[in-house]
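Have a look at the structure below, then the notes.
The values are calculated or read from the model by the stated rules, or taken from the named source; none is laboratory data. Values in this document were obtained by computation on a predicted structure and should not be read as measured data. Cβ atoms come from the backbone with ideal geometry, glycine included; neighbour counts cover every protein chain shown.
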């Protein structure tokens, strides 16, 4: 279903629909269906490429902030457009249904944090109610209304977020980190990821214009990410410490980005960390077949080992 | 300033037309010829091949490589305010200064070539222990100070540190001291019975460069530009998020005058890409952003110049909007005109000239390589879309120049609206040979000497160029090669 598996084509000779200024389809549900598949394919490819680029920012030399900001803005722009024409909703729903969430999660994860005013303009049913969200960070359960597919609650996720958020420099793949939590608490990573995706959707819908800001105080954005700075319960120091060591280790796992010679160091820029953190593994097609628990074990070994 | 006579324009033949006051230089050159080419800017081994007589190149500084070492990639070029000196910085942290030969009276048509005057290691690679990151020694920018005495001063900067270098000559040596004996040890003062005043004796010219000031530890992010103020006492250094004001004499203190860092780094959507002082007004400077806007600030208004006086931005053309619109609108360079009335910006596909009095749109827009508009996807994929090209004015502000790919560079005559594409390459030009205008074929039929867009070499980019302040001499950096061209005067 996802265009990711298909061969990317950049029709550079002649018309490049993505580049030639063709506007995204108007924000109507009918338009979503009439969206040309090649356009959406290219857009998706562009999105994937941008995310990979962001991850590749980590090198021994400090990453180029200008480049990262421009790529991040492009990603945000794509996400906005996809939210507008409803493709976003489709993708996240499919993601929820998919059994290999790690694959796609990174993409949605990154975009989750980017909110969009247009997205607010009522897309699909909101899985979350806003009021719940405002307290939701600390509450055990966030009720999702209206969405049959997402019967899982967010309960398992809520305690995760505060700790994640406190570790503001955490850059571990989002898809995996909460799973750890889950593994420790419930042992069901997959479910967690589904929750993530749903959260991301609501996040996209409720966000305001400023992207990448998860401010729990305003309740505008579902935390979705570890970037959130909000008054959190006192973080578990051990957990934080674990997370703080995560980053370099993850890149060791990366099979896609084999070009990275050295353990990448996190630059000082939170932006980069937030956007580029998600596991390279998540974008790797080879990881999709592994069981998530094995992956987690592997990661745990590395963390503990480091 | 050289004042040339008016030359008659012969019918059918382009020629040089100079206005006596050089205020409006209508440029219709006979063509640009290569003066010299330097490769790798390093002294050659003594085992080098004999100088080829037909090449008027100072071969002693040529080293023929089939490969370009990374450290030799030229990262900045800059003429000084008289044009006598040309400085280049490279990725290895070295600065090479060229000096123009004196024009010989016997061969007036052969204008002075540039020879290596001084070479020094400006910056060394550093390691930031706090962040476990390496700080590159690559020289990002060099700016000359106007000459005030016999020595030359320039500012050179890498990502984090600005240094003031003094380049001075020594051609005399004091001789005649009687304080030391033959093997150099100081004599016992009681054995010295006469007072001998040393005499200055001529010696071989020695050019030495010393670091006079080091301006460090003021930038968290990467410095992308420096600019010396017209008051010759202060300068600004600009990184991605901040602009700092320094006094040339004081190295332990700098004032932050622009700070666009958001409280929450996640909200960051715009960075500063370059900044420059106004050439005459010491209180005015401009800075550009990755969103394609220019802000003019007045330092008299407030200590912190976050509030701009003028804001220049061209509204986006909805018909060309794409996902890459923002990236290609990001300004990579800004230059005030010499007369201080205009400023020029370079974004990925165009060069724009702005009138300081008109903020809502540029005065002129020149397409540098619009044929790349349909290739933005590929250029994004191979990162070329993030290349930062510089732009430069000629001495009379009538012609602007900027680089492109395939070692092409473009010149635009603002008065006649004519433009030319030239190529800086070894294969296609011999010294003193006139550069042939190049043309990129956009579609359909390709004529014989045209080159198609798909054949362009995107690894050969001309990012750095500079124009002599008074004459039509340009220096172009093509990877590890430095080309110096001058217009051919009859």
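Name the single residue that is nearest to the other protein chains (Cβ to nearest Cβ) among those in the stretch B:334-354 being assigned to a strand (DSSP E or B) and under 20 Å from residue B:230 (Cβ atoms).
Applying the first criterion (assigned to a strand (DSSP E or B)) to the stretch B:334-354 yields B:334-336, B:342-346, B:350-354.
After this cut, where a residue has to be under 20 Å from residue B:230 (Cβ atoms) as well, the list is B:334-336, B:342-344, B:354.
Values: B:334: 14, B:335: 19, B:336: 22, B:342: 25, B:343: 20, B:344: 20, B:354: 21 Å.
Out of the qualifying residues, it is B:334.
Which residues, taken from the stretch B:203-221, are surrounded by fewer than 21 Cβ atoms within 10 Å (Cβ to Cβ) and within 14 Å of chain A (Cβ to nearest Cβ)?
Across the stretch B:203-221, the qualifying residue is only B:220.
The conditions are (1) in contact (Cβ under 8 Å) with a residue 60 or more places away in the chain; (2) surrounded by fewer than 23 Cβ atoms within 10 Å (Cβ to Cβ), and residue B:260 fails exactly one of them. Which is it?
Failing condition for residue B:260: (1).
Among the residues of the stretch B:310-333, which ones are more than 11 Å from chain A (Cβ to nearest Cβ) and surrounded by 14 or more Cβ atoms within 10 Å (Cβ to Cβ)? Lay out the reasoning, then the answer.
Applying the first criterion (more than 11 Å from chain A (Cβ to nearest Cβ)) to the stretch B:310-333 yields B:310-315, B:333.
Result: B:310, B:312, B:313, B:314, B:333.
Restricting to the stretch B:435-490, and then to whatever is assigned to a helix (DSSP H, G or I) and free of Cβ contacts under 8 Å to residues at least 60 places away in the same chain, can you tell me which residue is surrounded by the fewest Cβ atoms within 10 Å (Cβ to Cβ)? Show your work before the answer.
Residues of the stretch B:435-490 that are assigned to a helix (DSSP H, G or I), as a first pass: B:453-455.
With free of Cβ contacts under 8 Å to residues at least 60 places away in the same chain added as a condition, the list becomes B:454-455.
On the way: B:454: 9, B:455: 11.
Among those residues, the one meeting the criterion is B:454.
May I ask you to say which residue of A:43, A:67, A:76, A:113 is within 11 Å of chain B (Cβ to nearest Cβ), at pLDDT below 75 and within 22 Å of the chain's Cα centre (by Cα)? Before you say what the answer is, go through the steps one by one.
On the way: A:43 fails: at pLDDT below 75; A:67 fails: at pLDDT below 75; A:76 fails: at pLDDT below 75.
Testing whether each residue is within 11 Å of chain B (Cβ to nearest Cβ), at pLDDT below 75 and within 22 Å of the chain's Cα centre (by Cα) leaves just A:113.
Here's the yes/no breakdown for (1) under 16 Å from residue B:293 (Cα atoms); (2) over 19 Å from the mean Cα position of the chain (by Cα); (3) at pLDDT 95 or above:
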position	(1), (2), (3)
B:348	yes, no, yes
B:354	yes, yes, yes
B:359	yes, yes, no
B:373	no, yes, no
B:388	yes, no, yes
B:393	no, no, yes
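Is the stretch A:82-89 home to any residue that is within 13 Å of chain B (Cβ to nearest Cβ), at pLDDT 50 or above and crowded, with 21+ Cβ neighbours inside 10 Å? Please lay out each step first, then the result.
As a first pass, look at the stretch A:82-89 and keep what is within 13 Å of chain B (Cβ to nearest Cβ): A:82.
Still in the list and also at pLDDT 50 or above: A:82.
Now drop any that are not crowded, with 21+ Cβ neighbours inside 10 Å, which leaves A:82.
Looking through the stretch A:82-89, at least one residue is within 13 Å of chain B (Cβ to nearest Cβ), at pLDDT 50 or above and crowded, with 21+ Cβ neighbours inside 10 Å.
Listed here are the residues, each with its yes/no results for (1) over 27 Å from residue B:81 (Cα atoms); (2) surrounded by fewer than 19 Cβ atoms within 10 Å (Cβ to Cβ).
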site	(1), (2)
B:335	no, no
B:357	no, yes
B:384	yes, yes
B:418	yes, yes
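Considering only the stretch A:20-28, I want to know if a residue exists there that is modelled with pLDDT of 85 or more and either closer than 19 Å to residue B:376 by Cβ or within 14 Å of chain B (Cβ to nearest Cβ) (or both). Walk me through how you get there before you give the answer.
Taking the stretch A:20-28 first, the residues modelled with pLDDT of 85 or more are none.
Looking for residues that are modelled with pLDDT of 85 or more and either closer than 19 Å to residue B:376 by Cβ or within 14 Å of chain B (Cβ to nearest Cβ) (or both), one finds none in the stretch A:20-28, hence no.
Please state which one of B:403, B:395 is in contact with a strand residue (DSSP E or B) (Cβ under 6 Å, 6 or more places away or on another chain) and either surrounded by fewer than 22 Cβ atoms within 10 Å (Cβ to Cβ) or under 15 Å from residue B:457 (Cα atoms) (or both).
Numbers: B:395 fails: in contact with a strand residue (DSSP E or B) (Cβ under 6 Å, 6 or more places away or on another chain).
Going through B:403, B:395 in turn, just one is in contact with a strand residue (DSSP E or B) (Cβ under 6 Å, 6 or more places away or on another chain) and either surrounded by fewer than 22 Cβ atoms within 10 Å (Cβ to Cβ) or under 15 Å from residue B:457 (Cα atoms) (or both): B:403.
Taking residue B:139 as meeting all but one of (1) surrounded by 12 or more Cβ atoms within 10 Å (Cβ to Cβ); (2) more than 23 Å from residue B:73 (Cβ to Cβ); (3) in contact (Cβ under 8 Å) with a residue 60 or more places away in the chain, write down the number of the exception.
(2) is the only condition that residue B:139 fails.
Would you say residue B:133 is within 14 Å of chain A (Cβ to nearest Cβ), touching a strand residue (DSSP E or B) at 6+ places or on another chain (Cβ under 9 Å) and without any contact (Cβ under 8 Å) to a residue 24 or more places away in the chain?
Details: within 14 Å of chain A (Cβ to nearest Cβ): yes; touching a strand residue (DSSP E or B) at 6+ places or on another chain (Cβ under 9 Å): yes; without any contact (Cβ under 8 Å) to a residue 24 or more places away in the chain: yes.
Against the criterion (within 14 Å of chain A (Cβ to nearest Cβ), touching a strand residue (DSSP E or B) at 6+ places or on another chain (Cβ under 9 Å) and without any contact (Cβ under 8 Å) to a residue 24 or more places away in the chain), residue B:133 qualifies.
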